[in-house]
1. Can you find, within the range 261-270, the residue that is modelled with the highest pLDDT among those that are among the hydrophobic types (A, V, I, L, M, F, W, C) and surrounded by 15 or more Cβ atoms within 10 Å (Cβ to Cβ)?
2. Limited to the range 431-444, what total is found for residues that are assigned to a loop (DSSP other than H, G, I, E, B) and either more than 30 Å from Arg481 (Cβ to Cβ) or modelled with pLDDT of 95 or more (or both)?
3. Looking at the range 271-307 only, could you name the residues that are among the polar types (S, T, N, Q) and either over 21 Å from Gly472 (Cα atoms) or in contact with a strand residue (DSSP E or B) (Cβ under 6 Å, 6 or more places away or on another chain) (or both)?
4. Does at least one position in the range 446-457 carry a residue that is among the small types (Gly, Ala, Ser), at pLDDT 95 or above, closer than 23 Å to Glu304 by Cβ and part of a strand (DSSP E or B)?
5. From (1) surrounded by 22 or more Cβ atoms within 10 Å (Cβ to Cβ); (2) over 26 Å from Asn90 (Cβ atoms); (3) without any contact (Cβ under 8 Å) to a residue 60 or more places away in the chain, pick out the condition that doesn't hold for Gln229.
6. Among the residues of the range 190-226, count how many are among the charged types (D, E, K, R) and either modelled with pLDDT of 95 or more or surrounded by 19 or more Cβ atoms within 10 Å (Cβ to Cβ) (or both).
7. Looking only at the range 449-469, how many residues end up being closer than 12 Å to Ala187 by Cβ and among the acidic types (Asp, Glu)?
8. For the range 271-302: of the residues being under 24 Å from Thr347 (Cα atoms) and surrounded by 18 or more Cβ atoms within 10 Å (Cβ to Cβ), which is farthest from the chain's Cα centre (by Cα)?
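The values are calculated or read from the model by the stated rules, or taken from the named source; none is laboratory data. Bear in mind the structure is a predicted one, so any value in this text is a computation, not a measurement. Heads up, the Cβs are rebuilt from the backbone with ideal geometry, glycines too, and the neighbour counts pull from every protein chain shown.
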Amino acid sequence: MHSLLEIEEIFLDKEKELEIEKPLNRKRLLFLYLFIFFCLSALLAKVSYLQIVKGEYYQKTAEENRIRIKSIPGLRGIIYDAKGRQLVNNALSAKEKLVRQYIDGPISAHIIGYVNSENKGQTGLEMIYENYLKGQDGKKRIEVDSLGKNHRIIASQEPQFGNNLILNLDFDLQKKLYQTLPETPSAGIILDSKTGGILALASKPSFDNNLFSQGISETDYQNLIQDQQKPLFNRVISGQYPPGSTIKPLIAAAALEENLIDPWQEITDLPYLQIRNQYNPEIIYKFPDWKDHGRVNMIKAIKESCNIYFYQVGEKLGWRNFQKYAKLFNLGNTLGIDLPNEAHGYTPKDGWLGDLYHTVIGQGDLTATVLQVASYTAAIANNGKLYQPQIVDKIIDSDNNLIKDILPKILKSNFLKEENLKIIQQGMDQGLEHGKTGTAQFGPDKKKYHAWYTSYKENLVITILVEQGTSGQQTALPIAREIYTWYDSNQ
């Protein structure tokens, strides 16, 4: 019995051994092979991706951990006046950041403008000539150790200097103009009548452009933009004002060119002219003069600024001829000065007779910039040539090689006869210089006045505007006279 059980156990063990020795199921084996193939393919794909596709990235990342690139700021070009005096310079701040420094900032802020904290021109010449002035940054590739400390310079690219500007501006004359203008809102310009070159240009109140280049604080910025006197506003090129009697030489020239009046014929100055309302004849409008001038011809009418005379000249001239000569003298249009935000001014095209009366004495809807008044004064001074006003004379590189020579550009010429110009010039003769005052009413009640004086002497044209002045004779003329006297004594 016992031995029978042992024999059965032996056979059972044999059967189990035979089961173990059976080969694996083919499906299972195929699955195993596929699994191994997939794992190897995925591994190969990952290695290929890291080595081929992302290899450059990881190499660059590793390189950047070892190499630092330091930017070397390119120096911005310098701005010089006509006599070679430096008006700006470049300096490094305590943080080794390049900053722009303006010499006597407020004196020429409206001309030069300013750069922002990134050293990019925002207004003035800094903006207009940005592509010439800006330098090109250089680079240094520096190897660092594991602690980030500089080990050695691997390579370097030197920065490039920006180009320099040489202006027509005479900084001594600029300073004199700025100091002679009152602290109240006012503007002045001095230009060369023979070339259109701007010798000086000032608008008051002004501002310190160094505030912007060095990173202006929010408080300082708000103080500037909220100031009721608008110190950031360039009154010379952007202000639009009724020109008052400074327009009268232009109106006289137009009448002479059209053969509408004999300049030597005298008329009796009346206390006023009157016009009846065309719809209601009982309504009469009166257009007075500012004083009794007696018998006047054209020369006396210009010299004494006789309104009655010019009302009658304007009536003969008409709107069409007024528009013709306004365009010839470039009123209602920009002159193309190399500064941003030049205004057009406005020249009315039509209206009733009363509107025409107002227009020909520089009132009503007619407006002009200080630059435009100076420009048409220069055209009278130089026998009918109207030049484009220009601040920059030359652009040179850092080695003084000429990059660009900005030559005088004539916008219009030969639209006034020499004999007619001489009559106008006689009327403008003030003894020491030739000029024309203007006192322009403005405001809702017309009880405030802008004081004008535009004038020329030899090649200098000086135009002064004082907002809310007493009169052109009392407020603006003395400013120009002081500058002429100073100029003569300093030549």
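1. It comes out as Ile261.
2. The qualifying residues number 2.
3. Residues satisfying the conditions are Gln274, Asn277, Gln278, Asn280, Asn297.
4. Checked against the condition, which is being among the small types (Gly, Ala, Ser), at pLDDT 95 or above, closer than 23 Å to Glu304 by Cβ and part of a strand (DSSP E or B), the range 446-457 yields at least one hit.
5. (1)
6. 4
7. Selection size over the range 449-469: 1.
8. Once the filter is applied, the top-ranked residue is Leu273.
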